[in-house]
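Can you keep this structure in mind? I'll have questions shortly.
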Amino acid sequence: MPTLNPRRWWALGVLAAAQFMVIMDTSIIGVALPEMQRDLGFSQGDLQWVFNAYVIAFGGLLLLGGRLSDLLGARQVFVAGWGVLIAGSVVAAAATTAWVEVAGRAVQGVGGALIAPASMTLLMMLFGHNPKELGKALALYGAAAPAGGTAGVFLGGVFTEWASWPWVFIIYVPIGIATLLATGVLPAVAARRGGGVDVLGAAAVTAGLALTVFAVVRAPETGWGAPQTLVELILGLALLAVFVLIQRSVKSPLMPLAIWRTPGLGVSNLAMALLGAAWIPMWYFLNLYLQQVLGYGAFASGAALLPMTGLLMLLMTTVTARLLGRFGPKPLITGGLLVLAAGLVWLSAARPTGSFVVDVLPASLVAALGMALAYIPTLMSAMAGAPQEQAGLASGIVNTTYQVGSALGLAALTALATSQGAGALGDLPALTDGFSAAFLAAAGIAAAGALATLTLMRGKSQGGSADEAASLGEAAVQPERATN
């Protein structure tokens, strides 16, 4: 049996903190956007690129980050990613024009795309030899993602209300330096593997994803049937098709297509994309409802999301792992997505004259329950069947689907909400109608994910990744085995 790394749980803390910070970077700027718009001269239509520049770079380059992690060594890529993220944060904080701000956010996304798959590879190196420990480690690591997303909203409110918007980026500099100093607890040597870097494939998939997301984001302004929108969508999808062709022909592909033979990988990624497309718009529009309809300030709006975050983390680190060990991933993913859909339907009933206690709190807790049930089982199902030497690639794929699903879902539901009245600032009934339409559409996306999982994912009794993922979940049921 391989020798256990005596500092593996300390290393997990560093990796979970990195995951927390990478995901927080997608949400911390939300409440700071109005001040950034005023100071940097963003137009109303272009302001969204402060968010989308990060998401496109992050989601588009995750596959390359996973490949580099497998090829060059996970610790080296992890360290490089933090260096890039710190540099991007400095540029974003110091920006005095809109284009510099967008560029800084894109650089931050590149750093995140290196950090995320490298973190997962390091986690698999530390705990992959023991399914019991791996289950507990993945549960703790997975809980850091939604916690980071909501913490970003809260901290963004704190910095915006009591300091200034550059602090939402400055915070990454000392934290990044501290993380780099703590990398000594990570495995010192990661095995290097032969092969090259598929630069052409990386360019095709990144450009294809970016152009597709760009087309969806701009469609409400240009029109869904406008020639410009159709051309952008066709070119984006064509580039993605070219990427697939490249992967079939090059010697060292960025994403060997054979990985899709891994049991459960395809349906797990579909579920993850739909989960992101439902969850991220819910968080976005819930924050807008709190501020623009209920009149909450930046700090109060972030604080109002803490009950949801607390429940999410509690369930992910305790109940979800126990249920996963007993039932396997399929019932939890299906049930979790249905519960999330129920919470979103409940949120759609929010009133223009509503209150946090009646219109937000109970529905948000139901939605958090659904997310807690679905996220970890989906992640484990996607990772369980992949060989350890492709852990970075599998992580890059599943993170890519979540980010791309989130970006496309948010863009489409923003267009829907705007068409239903969400653009009428100051008109509380119209705003609420628009947000309600978005919540209902997100519920439909979550329900579609549940249906896809129910019909396409193999059951626990059929073996494959379902059984493997279920065995991972038993770690939290037997915590004493994870402390050896």
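When you look at Arg351, is it in a helix (DSSP H, G or I) and either more than 18 Å from Ala412 (Cβ to Cβ) or basic (Lys, Arg) (or both), yes or no?
The answer is no for Arg351.
Then there is this: Say we look at the range 417-458 and pick out the residues that are among the aliphatic types (A, V, I, L, M) and in a loop (DSSP other than H, G, I, E, B); which of these is nearest to Met371 (Cα to Cα)?
Met457
At pLDDT 80 or above and either assigned by TED's automatic domain parsing to the domain that holds Ile23 or surrounded by 21 or more Cβ atoms within 10 Å (Cβ to Cβ) (or both): which single residue out of Pro146, Pro166 fits that description?
Pro166
Does the range 372-395 include one or more residues that are free of Cβ contacts under 8 Å to residues at least 60 places away in the same chain and under 20 Å from Leu275 (Cβ atoms)?
yes
Considering only residues that are at pLDDT below 85 and crowded, with 24+ Cβ neighbours inside 10 Å, which ones fall in the range 313-329?
Selection gives Met316, Thr320, Ala321, Leu324.
Here is a further query. Would you mind finding the one in Arg261, Arg248 that is touching a helix residue (DSSP H, G or I) at 6+ places or on another chain (Cβ under 7 Å), of a type outside the set (A, V, I, L, M, F, W, C) and surrounded by fewer than 14 Cβ atoms within 10 Å (Cβ to Cβ)?
It is Arg248.
Give the residue, chosen from Val293, Val244, that is over 23 Å from Asn52 (Cβ atoms) and assigned by TED's automatic domain parsing to the domain that holds Ser348. Quick ask: steps written out before the conclusion?
Numbers: Val244 fails: assigned by TED's automatic domain parsing to the domain that holds Ser348.
Every option except Val293 fails the conditions.
With the structure loaded, tell me whether Ala475 is modelled with pLDDT under 85 and touching an Asp or Glu at 6+ places or on another chain (Cβ under 9 Å) or whether it fails that test. Working first, answer last.
Working: modelled with pLDDT under 85: yes; touching an Asp or Glu at 6+ places or on another chain (Cβ under 9 Å): yes.
It is true that Ala475 is modelled with pLDDT under 85 and touching an Asp or Glu at 6+ places or on another chain (Cβ under 9 Å).
Would you mind finding the one in Pro220, Pro256 that is of a type outside the set (Asp, Glu), closer than 30 Å to Leu126 by Cβ and surrounded by 14 or more Cβ atoms within 10 Å (Cβ to Cβ)? Step through it out loud before you land on a result.
Details: Pro220 fails: closer than 30 Å to Leu126 by Cβ.
On inspection, the qualifying residue turns out to be Pro256.
Now for a separate question. Check the range 114-122 and report whether any residue there is without any contact (Cβ under 8 Å) to a residue 60 or more places away in the chain and either surrounded by 20 or more Cβ atoms within 10 Å (Cβ to Cβ) or assigned to a helix (DSSP H, G or I) (or both). Explain how you work it out, then say what you get.
Of the range 114-122, the ones without any contact (Cβ under 8 Å) to a residue 60 or more places away in the chain are 114.
After this cut, where a residue has to be either surrounded by 20 or more Cβ atoms within 10 Å (Cβ to Cβ) or assigned to a helix (DSSP H, G or I) (or both) as well, the list is 114.
The answer is yes; a qualifying residue exists.
Looking at (1) in contact with a Lys or Arg (Cβ under 7 Å, 6 or more places away or on another chain); (2) buried (at least 23 other Cβ atoms within 10 Å of the Cβ), can you tell me which one Ala53 breaks?
(2) is the only condition that Ala53 fails.
Also, I was wondering about something else. Test Ala94 against the stated conditions and say whether it is over 20 Å from the mean Cα position of the chain (by Cα) and hydrophobic (A, V, I, L, M, F, W, C).
Yes.
Now for a different question. Taking the range 42-65 as the region of interest, how many residues are farther than 18 Å from Thr160 by Cβ and either aliphatic (A, V, I, L, M) or modelled with pLDDT of 80 or more (or both)?
Qualifying residue count, the range 42-65: 10.
Pro174: under 23 Å from Ala118 (Cα atoms) and modelled with pLDDT of 80 or more, yes or no?
Yes, satisfied.
So which of Val90, Val84, Val79, Val102 is assigned to a helix (DSSP H, G or I), closer than 25 Å to Tyr284 by Cβ and either hydrophobic (A, V, I, L, M, F, W, C) or not assigned by TED's automatic domain parsing to the domain that holds Leu209 (or both)?
Val102
The values are calculated or read from the model by the stated rules, or taken from the named source; none is laboratory data. The structure displayed is predicted, hence computed values, not measured ones. Here Cβ is always computed from backbone atoms with ideal geometry, including for glycine, and neighbour counts include all displayed protein chains.
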